[in-house]
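All remarks here apply to the structure that follows.
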Amino acid sequence: MKNLILVIGFILGGILNSQAQSETDMVVRALKSANPDMITTYLDDYVDLKLLDKDEVKNMSKNQAALALKSFYTDNGIKGFEKVSDGGKGTLVYILGKLTTSGKSYSITVQLKQKNGTLYIITMRIS
């Protein structure tokens, strides 16, 4: 009986982990597309956003964050994304990487939270 419960626990854990992994893959694909409209579909209702040398804005609405992100991508000529690592624990997941342009790159940290079975971006920091 204990073995059966243990096996079921591993299976459920694997399913939940693979679901979170496939959802982070979708966010990574959106970042690689360099299409801010695609990225904004993964924003939570309120986001903490830090862009380069500007102060971090906490609890920015999804619409405001989408506009700021589009402006950043256009102004800086973002062409793509390279994932460095990802991970997480429980309902929180992070993705670390580099946004690329023709001549330079910017470090990006994205924190996601699972809500109603879907991962949403809650924090984005670009430096």
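The values are calculated or read from the model by the stated rules, or taken from the named source; none is laboratory data. As the structure is a prediction and not an experimental result, all values here were calculated from the model. Neighbour counts are summed over all protein chains in view; Cβ atoms, including those assigned to glycine, are modelled from backbone coordinates with ideal geometry. Note: areas computed on protein heavy atoms with side chains; ligands, DNA, RNA excluded. Shrake-Rupley method; radii C 1.70, N 1.55, O 1.52, S 1.80 Å.
Write down the accessible area per residue of region 14-120 in Å², having rolled a 1.4 Å probe over the full set of protein chains.
Each residue of region 14-120 exposes 57 Å² on average to a 1.4 Å probe.
Alpha carbon centre of region 102-124 versus region 41-58: separation in Å?
10 Å
Suppose each label sits 7 Å from its Cα in the direction of the beta carbon; what would the Thr101-Ser33 distance come out to in nanometres?
Simple spin-label model gives 2.3 nm for this pair.
Hey, which lysines would be in cross-link range of Lys50, C-alpha to C-alpha under 26 Å, not counting anything within fewer than 8 residues on its own chain?
Lys32, Lys58, Lys62, Lys70, Lys79, Lys83, Lys89, Lys98, Lys104, Lys113, Lys115
What is the local net charge at Asp45, summed over the other residues whose Cβ is closer than 14 Å to its Cβ (Lys, Arg +1; Asp, Glu -1)?
On the way: positive: Lys58, Lys62, Lys113, Lys115; negative: Asp44, Asp48.
Once positives and negatives cancel, what remains is +2.
How large is the accessible surface of Tyr94 in square angstrom, using a 1.4 angstrom probe and rounding to the nearest 10?
Rounded to the nearest 10, the figure is 90 Å².
Starting from the Cα of Thr118, step 7 Å along the direction of its Cβ; do the same at Thr41; then give the gap between the two resulting points in nm.
Reported label-point gap for Thr118 and Thr41 is 1.0 nm.
Checking the a/c ratio against 1.5 first, then a/b against b/c, what shape does the Cα gyration tensor give for region 16-107? Could the numbers behind the result be given before it?
Working: a/c = 1.72, a/b = 1.24, b/c = 1.39.
Here region 16-107 falls in the oblate category.
Only sites in a loop by DSSP and with at most 14 other Cβ atoms within 10 Å count here; which trypsin sites (Lys or Arg not before Pro) in region 83-123 make the cut?
Lys104
Can you pull the one-decimal nm distance between simple spin-label points at Asp25 and Gln111, each 7 Å off the Cα toward Cβ?
Spacing of the two 7 Å Cα→Cβ label points: 2.6 nm.
Can you pull the accessible area of Ser127 for me, 1.4 Å probe, Å² to the nearest 10?
Spelled out: Ser127, probe radius 1.4 Å, area about 90 Å².
Rolling a 1.4 angstrom probe over the protein chains, ignoring ligands and nucleic acids, what is the accessible area of Thr40 in square angstrom, nearest 10?
Rounded to the nearest 10, the figure is 20 Å².
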